[in-house]
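Engineer: Please read through the structure below; I'll follow up with questions.
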Amino acid sequence: MQVEQKMSVDIAQFAVLPNGTNYPVIGLGTHNVTGGPGSVRDAVKYAIDIGYRSVDCAHAYLNEKEVGDGIQAKLDDGTIKDKKEIFITTKLWDTHHNRQHIKENFQKSLDNLKVNSVQLLIIHWPISLKDGDNLFPKDKNDQFMFENHDIVDTWKGMEELVDAGMAENIGLSNFNKTQIERILHSARIKPCNLQVEIHPYFSNRKLVDFCLSKGITVTAYAPLANPDSPLRTGKEPSIFDEPVLKDIAQKKGKTIAQVVLRFILQRNIIVIPKSVTPSRIKENFDVFRFSLSPDEMEQIWTLDKYPRIFIEK
Ligand code: NAP
């Protein structure tokens, strides 16, 4: 594949984490609902070709091996000189919260990704499901089976992964303010990042402001309000049909996805749009050569009036 020029940027391309690690403000999401086997591997390869240097993964997406294969292929063909050039985020799943077993469980992620450490490991959800390899353990009545692990104890296990050199930075996902405060009060290593649902329909404004005030970077998942999410009921609106966004996109000569990603970036939030479609992977990365005016930002803020998508209904 022809390697294209990396796009020029007009805003900071990285957020700098407290230990000095550069965290690219745009990364490739890999929660793959639309593509078949191999599509995430190919998406990672293409994304690296066109300049992405960050990939967002999770044990629970069951495709860390594909991500690892994609990165390995780009090392083998010389596109990158070192795997460390790619900022890898992965997530500790709900069935792996037992501090005694965190290390051995996380080692499976490292083996699949074919690296010795990741730049960022986050706790996927602040709830513990029954320990083990079954990702969604349920009882005979089809009810989830939970464990009583204190999230503060799980955090201590996360800190031990930093001590062991297996994770450079650690953070949280889907935690609310109270839960984050509990971690902040007891942490030896403070969380450096919170990953939560953020898009024009659901700004998560208070939580974002709280995190930024504490020096915690914020990453927006489902930044395009995932049009293909299985958690949609059919009643939620789609950004791609939104007149305000259509209008701004048309005036700017940009796509709706680009306008939405730019809106989130201008809020100082990192974005991780997912696509397995090369033209969209490229489109989503081309968000640095234009900006939204204060008036355009205000117009998009008016869409902030819907509940989150990522909730069981
Ligand atoms: P998203 O990025 O908002 O949307 C992804 C969907 O939009 C895909 O179906 C993709 O289709 C389509 N798409 C991508 N770019 C497009 C474009 N330019 N035009 C039109 N459609 C486009 O949603 P997400 O995947 O749910 O979230 C992004 C990432 O955040 C995930 O992949 C995952 O890494 C992370 N995440 C984390 C959590 C968490 O609990 N921490 C939860 C959800 C997601 P194609 O792929 O078919 O092109």
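Each reported figure results from applying straightforward, stated rules to the coordinates on display, with no laboratory input. All of these numbers come straight from a predicted model, not from anything done at the bench. FYI the Cβ positions are ideal-geometry reconstructions off the backbone, even for glycines, and counts take in every protein chain you see.
Engineer: Applying the Karplus parametrisation 6.51 cos²θ - 1.76 cosθ + 1.60 with θ = phi - 60° to the phi angles of region 142-157, what ³J(HN,Hα) value in whole Hz is obtained for each residue in order, glycine and proline being reported as x?
Structural biologist: Coupling constants for region 142-157: 6, 9, 4, 9, 9, 10, 9, 6, 6, 4, 5, 5, 4, 4, 4, x Hz.
Engineer: If we count every other residue with Cβ under 9 angstrom of residue 59's Cβ, Lys/Arg +1 and Asp/Glu -1, where does the sum land? Could you put the intermediate results ahead of the total?
Structural biologist: Details: positive: 91, 108; negative: 64.
Result for the local shell: +1.
Engineer: Which residues' amide hydrogens lie under 5 Å from the amide hydrogen of residue 173, considering only partners 5 or more residues apart or on another chain, with H built in the peptide plane?
Structural biologist: Amide H neighbours of residue 173: 123, 195.
Engineer: May I pose another question? Bins of 10 Å, beginning at zero and ending with the bin holding the largest distance: percent of Cα pairs per bin for the chain, please.
Structural biologist: Taking all Cα pairs of the chain, the binned fractions are 6, 27, 36, 24, 7, 0 percent.
Engineer: While we're on this one: Can you return the lysines within cross-link range of residue 140? Criterion is Cα-Cα under 27 Å, with same-chain partners fewer than 8 residues away left out.
Structural biologist: Correct list for residue 140: 130, 313.
Engineer: Residue separation times 0.36 nm, minus the C-alpha to C-alpha distance between residue 163 and residue 148: what's the value?
Structural biologist: 2.9 nm
Engineer: Please list, in order along region 97-109, the HN-Hα scalar couplings obtained from phi with the Karplus expression 6.51 cos²θ - 1.76 cosθ + 1.60 (θ = phi - 60°), rounded to whole Hz, x for Gly and Pro.
Structural biologist: Values per residue, Gly and Pro as x: 7, 5, 3, 5, 10, 4, 4, 5, 5, 5, 4, 5, 5 Hz.
Engineer: A further question on this structure: When the Kirkwood hydrodynamic radius is evaluated over all pairs of different C-alpha atoms of region 1-152, what value in angstrom, to one decimal, is obtained? Spell out each step's value before the answer.
Structural biologist: Values: mean 1/r = 0.0594 Å⁻¹.
Hydrodynamic radius (Kirkwood, Cα only) of region 1-152 equals 16.8 Å.
Engineer: Let me ask something else. Please go through the residue pairs 190/274; 45/254; 74/103; 65/274 and name each one whose alpha carbons sit more than 23 Å apart in this structure.
Structural biologist: Working: 190/274 28 Å; 45/254 25 Å; 74/103 28 Å; 65/274 17 Å.
Correct reply: 190/274; 45/254; 74/103.
Engineer: To continue, here is another question. Given a Förster radius of 45 Å and the C-beta distance between residue 85 and residue 127 as r, what FRET efficiency does 1/(1 + (r/R0)^6) yield to the nearest 0.05?
Structural biologist: In this case the efficiency is close to 0.85.
Engineer: Skipping prolines and chain starts, which residues have an amide H placed within reach, meaning under 5 Å, of the one on residue 23, given they are 5 or more residues away or on another chain?
Structural biologist: 15, 16, 17
Engineer: Order these peptides, 220-226, 285-291, 32-38, 13-19, by their mean beta-carbon neighbour count within 10 angstrom, highest first.
Structural biologist: On the way: 220-226: 24.3, 285-291: 17.6, 32-38: 12.7, 13-19: 14.7.
Going by the mean number of other Cβ atoms within 10 Å, highest first, we get 220-226, 285-291, 13-19, 32-38.
Engineer: Here's a follow-up. Please give the contour-minus-distance gain from residue 178 to residue 77: 0.36 nm per residue of separation, less the Cα-Cα distance, rounded to one decimal in nm. Show your work: numbers first, answer last.
Structural biologist: Details: separation 101, 0.36 × 101 = 36.36 nm, distance 4.65 nm.
Extra length from residue 178 to residue 77 when fully extended: 31.7 nm.
Engineer: I want to check the label-to-label distance for residue 116 and residue 250. Put each point 7 Å from Cα in the C-beta direction and report it in nm to one decimal.
Structural biologist: 5.6 nm
Engineer: Could you rank the peptides 85-94, 106-115, 146-155, 202-211 by their average count of other C-beta atoms within 10 Å per residue, with the highest value first? Please list the in-between numbers first.
Structural biologist: Details: 85-94: 23.9, 106-115: 18.6, 146-155: 15.4, 202-211: 17.1.
So the order, starting with the most tightly packed, is 85-94, 106-115, 202-211, 146-155.
Engineer: With 18 Å as the cut-off, how large is the P(r) tail for region 13-91, expressed as percent of Cα-Cα pairs? Display every interim value, and only then the final one.
Structural biologist: Numbers: 1154 of 3081 pairs.
Summing the P(r) tail past 18 Å for region 13-91 gives 37 percent.
Engineer: Which cross-chain or sequence-distant (5 or more) residues have an amide H under 5 Å from the amide H of residue 221, H modelled 1.01 Å from N in plane?
Structural biologist: HN-HN under 5 Å from residue 221: 196, 197, 198.
Engineer: Between residue 136 and residue 108, what is the label-to-label distance in nm when each label sits 7 Å out along the Cα-to-Cβ direction?
Structural biologist: Label at residue 136, label at residue 108, 1.7 nm between them.
Engineer: Also: Report the extension gain between residue 241 and residue 268 in nm, rounded to one decimal, defined as 0.36 nm multiplied by the number of residues separating them, less their alpha carbon distance.
Structural biologist: So the chain would gain 7.2 nm between residue 241 and residue 268.
Engineer: Same structure again: Could you derive backbone 3J(HN,Hα) for region 264-269 from the dihedral phi with the Karplus parameters 6.51, -1.76 and 1.60 (θ = phi - 60°), listing whole Hz in sequence and x where the residue is Gly or Pro?
Structural biologist: 5, 4, 6, 8, 6, 10
Engineer: If each of residue 229 and residue 209 carries a label point 7 Å out from its Cα toward its Cβ, how far apart are those two points in nm?
Structural biologist: 2.3 nm
Engineer: Using only C-alpha positions, report the orientation-averaged shadow area of the convex hull of region 225-299, nm², one decimal. Please report the intermediate quantities before stating the final value.
Structural biologist: Values: hull surface 22.2 nm².
The directionally averaged projection comes out at 5.6 nm².
Engineer: Can you give me the Cα centroid spacing of region 216-252 and region 27-45 in angstrom?
Structural biologist: Answer, in whole Å: 19.
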